[in-house]
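A short worksheet on the structure shown next.
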Amino acid sequence: MNTKRLAGIDIGTLTCRLLIADLPVNGPLKELRSERRILRLGEGVDQSKRLNSAAMDRVIQCLKEWRAVIDSSCVDACTVVATSAVRDAANRQEFLDRVKCEAGFEVEVITGEEEAHRTMLGVRSGLPTGVTDVLALDIGGGSTEFIFDRPGQSPLVRSIDIGVVRLSERLLHHDPPTCDEIQQARDWVRNETQEAMAAMPRHPGQVFVGTAGTVTSLAAMAQQLPTYEPARIHNYRLTLETISNLEQQLLSRTKAARIGLPGLEKNREDVIASGAIIIRTVMETLGEQECLVSDLGLREGVLLSLATQVRES
């Protein structure tokens, strides 16, 4: 059989994602099934440095369900990765052992740099024709990666320990956040961005690309989409002005009042405000006026990386 069927799972700080796709011998991945669930594995990790039992239970229950899906899909190869929350947790081995025992998955805990490399594989696979030099921003739950990528060169990666869950838990204690909390958040993001990007090359014509849930949610909100439509979100252009307006709209509301806003994914009501702070502050710090939205990212990159291994084996 020429076509291989692959499955990939990304266990993130906020969200877990599944992708099953067919890999033809000489063609791109063909998506068969994709799913994502906001499960908050990294809840409290910033303060305690430990994964809590309830969060582990939620993720493992999901992984057991996905194990059944994968087993019934005649998959040839499967890969599972974990990112910031598991990297940072003192009890990560307990979690990894439970996943292996209860769901049957071997989990690869990837570094921030490896996460960025695989994210770039996913992003690069769906860019519009003519886009070459890219500065990608991947806002996660526990960390944010900056990835500079030029064809023919290895990507340059800078990772900062600020993500939507970490920022919310550390600084945004009121609902809605106070002016002081917002200013502290902006200062933190600005300072970390300046430090991370100080030695990063900038080229005229490079395209600023955003990936992951914050950016795609803002793109859906900007278009007031009643349901998530990947075709309308992928390669949508978000301006800094639009992001600023959405940020103000979010920060002026309580979490409860954000529920049901058109385009806002359910269960993202509390962290979308911190995500908006991050992307707005990063863009202002770097002087970027527009963000090209990628609906492709780490989940797709994980599968493309597996595809390379399968092709070479």
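The values are calculated or read from the model by the stated rules, or taken from the named source; none is laboratory data. Note that the coordinates shown come from a computational prediction; the quantities given were computed from them, not determined experimentally. Because the Cβ atoms are built from the backbone with ideal geometry, glycine has one as well, and the counts that use them run over all protein chains shown. Ligands, DNA and RNA are excluded from the accessible area calculation, which covers all protein heavy atoms including side chains. Shrake-Rupley method; radii C 1.70, N 1.55, O 1.52, S 1.80 Å.
Details
- A simple count of charges around Thr227, restricted to other residues whose Cβ falls under 12 Å of its Cβ and scoring Lys, Arg +1 and Asp, Glu -1, yields 0.
- Multiplying the residue separation of Gln61 and Ser34 by 0.36 nm and removing their Cα-Cα distance gives an extension gain of 8.0 nm.
- Residue-span extension gain [Gln249 to Thr132] - 0.36 nm each, minus C-alpha spacing: 38.7 nm
- Hull shadow area, averaged, segment 8-48 [alpha-carbon convex hull, nm²]: 3.4 nm²
- Site pair Glu229 and Ser72 shows an inter-label distance of 3.0 nm when each label is modelled 7 Å from Cα along Cα→Cβ.
- For the chain, built as a Gaussian network whose Cα springs stay under 10 Å, the top-fluctuating residue of Val25, Val165, Val189: Val25
- The label point for Thr308 and the one for Arg190, both projected 7 Å from the Cα toward the Cβ, are 3.8 nm apart.
- Cα centre as origin, Lys/Arg/Asp/Glu Cβ charges: the chain dipole, Debye: 520 debye
- Comparing Thr119, Leu137, Leu39 along the charge dipole axis of segment 1-150, the residue lying farthest to the positive side is Leu39, per the Cβ-charge model.
- Set of lysines with alpha-carbon distance to Lys266 below 20 Å, sequence-local pairs under 8 removed: Lys255
- Dipole magnitude for segment 216-313: computed about the Cα centre from +1 point charges on Lys and Arg Cβ and -1 point charges on Asp and Glu Cβ, it is near 300 debye.
- Whether segment 122-250 is rounded, prolate or oblate, judged on the alpha carbon gyration tensor where a/c under 1.5 counts as rounded: oblate
- Gyration tensor (Cα) of segment 186-237, equivalent ellipsoid semi-axes in angstrom: 28, 15, 7
- Cα-based shape type of segment 1-155, given that a ≥ b ≥ c are square roots of the gyration tensor eigenvalues and the cut on a/c is 1.5: oblate
- Calculated P(r) of segment 194-313 - Cα pairs past 18 Å, %: 57 percent
- Here the chain is treated as a sphere whose radius is the Kirkwood value from Cα pairs; by Stokes-Einstein at 25 °C and 0.890 mPa s it diffuses with a coefficient of 124 µm²/s.
- Scanning the chain for DSSP H helices at least 20 Å long along the axis (C-alpha atoms) with a Kyte-Doolittle mean no lower than -1.0 picks out 53-71, 272-286, 298-312.
- Heavy-atom SASA rank of Leu137, Leu32 (probe 1.4 Å, accessible area, largest first): Leu32, Leu137
- Protection proxy ranking, highest mean first, for peptides 293-300, 113-120, 264-271: 293-300, 113-120, 264-271, where packing is the per-residue count of other beta-carbon atoms within 10 Å, averaged.
- Computed label-point distance, nm, for sites Gln183 and Glu106 using a 7 Å Cα→Cβ extension: 5.3 nm
- Debye intensity ratio I(q)/I(0), log10, segment 93-160, q values 0.15 Å⁻¹ (C-alpha model): -0.59
- Net dipole in debye of segment 55-164 [+1 Lys, Arg Cβ; -1 Asp, Glu Cβ; about Cα centre; nearest 20]: 120 debye
- For Phe208, the residues 5 or more places off, or on other chains, whose built amide H falls under 5 Å of its own are Leu135, Leu292.
- Only protein atoms count toward the accessible area here, which uses a 1.4 Å probe; on the chain, the carbon and sulfur part of that area reaches 47 percent.
- Within the listed set Cys78, Cys16, Cys101, the Gaussian network model of the chain (springs between alpha-carbon atoms below 10 Å) gives the highest mean-square fluctuation for Cys101.
- Its Cα gyration tensor gives segment 27-83 an equivalent ellipsoid, and the semi-axes of that ellipsoid, as √(5λ) in whole Å with the largest first, are 28, 13, 10.
- Distribution of pairwise C-alpha distances over segment 176-262, 10 Å bins, in %: 13, 37, 35, 14, 1
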